[in-house]
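Data first, discussion second: the structure below is written as structure tokens.
The values are calculated or read from the model by the stated rules, or taken from the named source; none is laboratory data. A quick note: this is a predicted structure, and the numbers were derived from the prediction, not measured. We place every Cβ from the backbone using ideal geometry, glycine too, and count neighbours over all the protein chains shown. The protein model used for the area step is the full one, side chains on, heavy atoms only, and it has no ligands, DNA or RNA in it. Shrake-Rupley method; radii C 1.70, N 1.55, O 1.52, S 1.80 Å.
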Amino acid sequence: MFNTRGWIALGLLSAFAVPAMAQSFRVQCPTSTITHPTAANNNSEPAYAAPTYRPTTGSSDYTSGKTGPVNGAIKCQQISGGDGYATMGDGTQTYLFSFGPLSGVTDIALGKPGTEYPNVFNVPFPVSTSNFLVPGDPATTIGAVTVPLTPAQLGTLAAYNYNGAVGLDYDIANIASIYDISEAGNVVTVITNVPLDLNLKPGDKVTISGSPPPAGDVPAGYVGTFTVTAVNVANAFFPASYAFRYTATATGLAEVTMSSTAVASIPKALDGHVDPRQIMDVGVLNGNIPAPLMAIDEDDEFFLTLTNVGMIMRPDLFEQHTVHFHGYPNASAFYDGVPDASVAINIAASFTYYYLAPDAGTYFWHCHITPPEHLQMGMVGQLYVRPRQNRVALNGNLYTARQQQDLDLRTACVSANDILCSNPLPVANTGALQVAGGQYAYNDGDGTTRYDVEYPLQIHGFDPNFHFVGMTFNPEGFADMKDKYFLLNGRSYPDTLSAGPLQTQSADGVNHFSQPLSAIITIPHGGRALLRISDLDVSEYQTLASLGIPMQVIGYNAKLLRDQAGNNLYYTTNSITLAGGESLDVILDACAVRGPAPTYTCTTAMAAGTYYLYTPNLDHLSNDAENFGGLMTEVHVN
Ligand SMILES: [Cu+2]
């Protein structure tokens, strides 16, 4: 069947005479940007003391109006879009349309976010320790292990610590023949015979070679390895992009024109070039449910590369995929992933999405191509943004730090002039101070969303019939869709109680990690666990109840539960109900009696033991069969 829209698009393209472009895999993770200018500072989160940007009167320009410190860092991640398998609690293999990790592969397998700083992401696979990544890695390399992984095998996984961008490789060294070399003082201008858009930039090393007189025509003073001082130099011969400058020691060197021996060589560089074989080896049938976990901090810039590796089990389909951050304040509609209004990624192509991180909270993400189908089939992932308050210095006043955010129009939340303010100042300064390693769900300003451990928990449902016809080339009945497998982090009870990633042998004959996230909640003595719950179920509402430990709901759809006057509207319940497309934040407090503000010290801890999170919708406690599957997991209180 011809795609009518495709023909219209072709017509428009030819009207603008855009040259035909081959699709390719690329990856992008800059070490610095305009708003994060110092590369060395972008590999960790600096402390938050004051806002980055305070607009001055009459100025709307970032640099001239900037009066504060640089906050946040740069984060990067690469994912594949394609297909794969998961194994359900009753042993049934389920076919997925899915996303898989193409960076942070070890962290993902360990149940952590695969979001990395540039100094981790921009690292090619270490060829010296192993030849190359093979299909199924890291599951394949960890070896033929039993499921679930034993503690010793988990240790092996932790030792397998490659988290860089899969396929990232050096672009080859470039050699350009030189047309002209001239000198003014000791500033040398080199004009080559080709455009030097090969990532050459000031600070790079370049090696000039050539035969000196009398046999050759290149004075020895030009020859050697130098640091480039300028690129894109206007000159009398060729476009500026053909020329660069460096500084020589010798002066008064004669000009060389149309040399037959002079050559500039530019060292190999990491410029986003990837080896497509590694992308295909690791990305194909690499489906994960939930899709790779992402986590960023407020003030970060996030570069997320989606690589569409195609769906091997459905070669008849030419499905595009996108990434849609659900409910997220986007940097631009261009990166929203809704195919009608932004780009979609074709098979054999990569695209890097760009996000800012303005508002803390629990979000989630999914593919936005034919959402009922691609969501049902497994293209659903978790995403959260950590608040600035985590980065307030030890003993800093949380209320004062929260007030600082109102000085920057980009981060301000002032109820008096913003009725949509999602994170108002608390009604009073409780005097809550930052504690060592303090982690919070929101910029609460009063310490009430502090937690000791956090667990992303994705609720999802599968219709096994839909997955089966989706795998077997049959038309899918959308109106008949009815979820019958009920999943927490892609697993049904009792698989929810397995530590470590679950493996599945896929159609390529090798094992792949398929369901990396455990759903066991472990709370330290008297501690607090933040459950970041999201529901991406397509056809069912889902209810999750807590037996023995009250659920305190502190946030809903990535918004702090607080009125515009600053009163906390948290409520305590024993069950929550979510529809697909909703998220909420729940704190399970293993403390029976807690002291008052500002420290909220636990005076009586709950008894150690095993508690349960389960669905009281009893038909959701099995996977379309007796006594197996369903939405249930354990809470271990130490
Ligand atoms: Cu998709």
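The Cys residues in the chain with no partner Cys Cβ within less than 4.7 Å of their Cβ are Cys367. Shown is the FRET efficiency for Ala158 and Lys268, computed with R0 = 35 Å from the Cβ-Cβ distance and rounded to the nearest 0.05: 0.65. Cross-link reach is defined here as a Cα-Cα straight distance under 27 Å, omitting same-chain residues fewer than 8 places apart; for Lys201 the lysines meeting it are Lys66, Lys75, Lys268.
Let me have the 222 nm mean residue ellipticity of the chain computed from DSSP H runs of 4+ only, each contributing -39500 (n - 2.57), with the sum over all residues rounded to the nearest 500. Each step should come with its number before you reach the end.
Numbers: 10 runs with 68 residues, N = 638.
Result for the chain, helices only: -2500 deg cm²/dmol.
Quick check of the Kirkwood formula: for segment 345-502, what is the inverse mean of 1/r over all pairs of different Cα atoms, in Å? Let's see the in-between values first.
Details: mean 1/r = 0.0517 Å⁻¹.
Radius from the Kirkwood sum: 19.3 Å.
Annotation: extensible slack from Phe478 through Glu255 equals 72.9 nm (criterion: 0.36 nm per residue apart, minus Cα-Cα distance).
For segment 547-638, just say rounded, prolate or oblate: build the C-alpha gyration tensor, square-root its eigenvalues into a ≥ b ≥ c, call rounded for a/c under 1.5, and beyond that prolate if a/b exceeds b/c, oblate if not. In terms of gyration-tensor shape, oblate. A protection proxy built from the mean count of other Cβ atoms within 10 Å ranks the segments 175-187, 541-553, most packed first, as 541-553, 175-187.
Using a probe radius of 1.4 angstrom, the carbon and sulfur fraction of the accessible surface of segment 497-638 is 54%.
Given a 1.4 angstrom probe, I'd like the percentage of the accessible area of segment 267-347 that is carbon and sulfur, rounded to a whole number. Carbon with sulfur: 57 percent of the solvent-accessible area. Extents of segment 305-350, taken as max minus min of Cα coordinates on every principal axis and listed largest first, are 35, 18, 14 Å. A Förster distance of 45 Å, applied to the separation of the beta-carbon atoms of Ala173 and Asp316, puts the FRET efficiency at 0.60.
Every Cα-Cα pair of the chain was included, and the share exceeding 42 Å stands at 33 percent. Summed over the residues of segment 336-486 and divided among them, the accessible surface reaches 36 Å² per residue at a probe radius of 1.4 Å.
If you count, for each residue, the other Cβ atoms within 10 Å and average over each peptide, how do 565-572, 530-537 line up from highest to lowest? Spell out each step's value before the answer.
Working: 565-572: 13.0, 530-537: 26.0.
Order by mean packing, descending: 530-537, 565-572.
Residues in segment 528-638 average 41 Å² of solvent-accessible surface per residue, probe 1.4 Å, ligands and nucleic acids excluded. Counting protein heavy atoms only, segment 354-462 has 58 percent of its accessible area on carbon and sulfur, 1.4 angstrom probe.
Calculate the FRET efficiency for Thr150 and Ala507 from the Cβ-Cβ distance with a Förster distance of 22 Å, rounded to the nearest 0.05. My answer for the efficiency is 0.20.
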